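Here the structure is laid out as structure tokens; the discussion comes afterwards.
The values are calculated or read from the model by the stated rules, or taken from the named source; none is laboratory data. Keep in mind that what you see is a predicted model, and the values were worked out from it rather than measured. Every residue, glycine among them, receives a Cβ derived from its backbone with ideal geometry; neighbour counts consider all protein chains shown. We work out accessible area using only protein heavy atoms, side chains counted, and drop any ligands, DNA or RNA first. Shrake-Rupley method; radii C 1.70, N 1.55, O 1.52, S 1.80 Å.
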Amino acid sequence: MTGDSSQGAPDPSEVMTPEDLAGAAKDLMKRLDLTGVMAARKTGLSTGTISELINGKTFPREDTWEVFITRGCGQPWEAWRQARSRAHRDLLRSQPPEELAALLEEAQERILALEHEAIEVTQRLTLLEEQVAGMQSTQVSEALAKDKKTEEQQQADAADKARQRHFGRLLLAELHMDFEHTMADGAWSAVDVDRFVAKVRELALTDMEHLHVFLATTPTSFPYAEMGEVGYLREGVKDYMQHLRFAVAAYFKISPTEIDELLAGEVSGG
């Protein structure tokens, strides 16, 4: 019979000696119709280890015995753990004193090695905790510095915007749109000039940088007024545009040479 059922299995309470334990293991495999290869596949133990276990060649360690019983044979653990404990005590009683002394020395050496390993693990954990704490501290410091830099930049941007708006209001107050209307030939279209002035007013109160770009990319002349339409004299509009561009260029601290070139271009642009 194969499977994980304990029905028909040997009684672990009857196990008292190492021989009983090995016999019970062999009987258990036989009743479950388990081969050594099958047991090895289910437990991860080698076939040699299983062979020595069921033939009593070596006494199994507790972890090996637990894997064999629970995973290999599908049996409840506690009763078989007690069976091994009884067999182990009988094994110790039957061993000569010198063998017991050797086992005790081996056990002490294993305990000492485990203690050293535990100390090393503790030291590595402490070092790791310190490294993690250092990384977290660095990340927090970097985040705080970044937040401070962002806040300072936002404050600087807000101050610059306020300064630009203040200058824009002063600019509009100083430069009056005082264009003379006329129906003479060569007058510039009042509609186009008014549209230009409206855009200047909008940008002067919102963004001087965009106003600078707008002035730099706007033609220095406007379409002529249609026959019979009222327009603006070109001289007044040109004078307004020259002063406007000069003031904005000075605001952005453009060099005098560049301003002279700008004004010269305005004059020659007619």
Looking only at the range 175-204, count how many residues are open to solvent by 80 Å² or more (accessible area, probe 1.4 Å), farther than 18 Å from A225 by Cα and under 54 Å from the mean Cα position of the chain (by Cα).
-> 2
Search the range 153-181 for residues that are closer than 20 Å to E209 by Cβ and pair each with any residue that is among the aromatic types (F, W, Y) and assigned to a helix (DSSP H, G or I) when their beta-carbon atoms are under 9 Å apart and the residues are at least 6 apart or on different chains.
-> Q164/Y251; F167/Y251; L171/Y251; L175/Y240
Are any residues in the range 160-174 of a type in the set (A, V, I, L, M, F, W, C), under 47 Å from the mean Cα position of the chain (by Cα) and surrounded by 12 or more Cβ atoms within 10 Å (Cβ to Cβ), and if so, which ones?
-> F167
When you go through (1) under 26 Å from A25 (Cα atoms); (2) free of Cβ contacts under 8 Å to residues at least 60 places away in the same chain one by one for L127, which number turns out not to apply?
-> (1)
Can you run down the residue pairs with Cβ atoms below 8 Å, 6 or more apart or on separate chains, where the first is in the range 239-260 and more than 20 Å from Q164 (Cα to Cα) and open to solvent by 40 Å² or more (accessible area, probe 1.4 Å) and the partner is in a helix (DSSP H, G or I) and at pLDDT 80 or above?
-> E258/A249
Give the number of residues within the range 71-92 that are buried (at least 17 other Cβ atoms within 10 Å of the Cβ) and of a type in the set (S, T, N, Q).
-> 1
For the subset of the range 78-102 comprising residues that are at pLDDT 95 or above and of a type in the set (A, V, I, L, M, F, W, C), which member is farthest from P18 (Cα to Cα)?
-> A79
With respect to A216, determine if the residue is surrounded by fewer than 18 Cβ atoms within 10 Å (Cβ to Cβ) and under 54 Å from the mean Cα position of the chain (by Cα).
-> yes
For the range 141-159, does any single residue satisfy the condition of being within 30 Å of D239 (Cα to Cα) and either polar (S, T, N, Q) or in contact with a strand residue (DSSP E or B) (Cβ under 9 Å, 6 or more places away or on another chain) (or both)?
-> no
Cβ pairs under 8 Å, 6+ apart, first in the range 76-97 and over 17 Å from D63 (Cβ atoms), second assigned to a helix (DSSP H, G or I) and among the hydrophobic types (A, V, I, L, M, F, W, C) | L92/L100; L92/L103; Q95/L103
Considering each residue of the range 52-84, count those that are outside any loop (DSSP other than H, G, I, E, B), within 52 Å of the chain's Cα centre (by Cα) and not β-branched (V, I, T), and give that number.
-> 15
Output the qualifying pairs, or none if there are none: Cβ atoms under 8 angstrom, residues six or more apart or on different chains, first residue in the range 203-217 and without any contact (Cβ under 8 Å) to a residue 12 or more places away in the chain, second residue among the aliphatic types (A, V, I, L, M) and open to solvent by less than 20 Å² (accessible area, probe 1.4 Å).
-> H210/L203
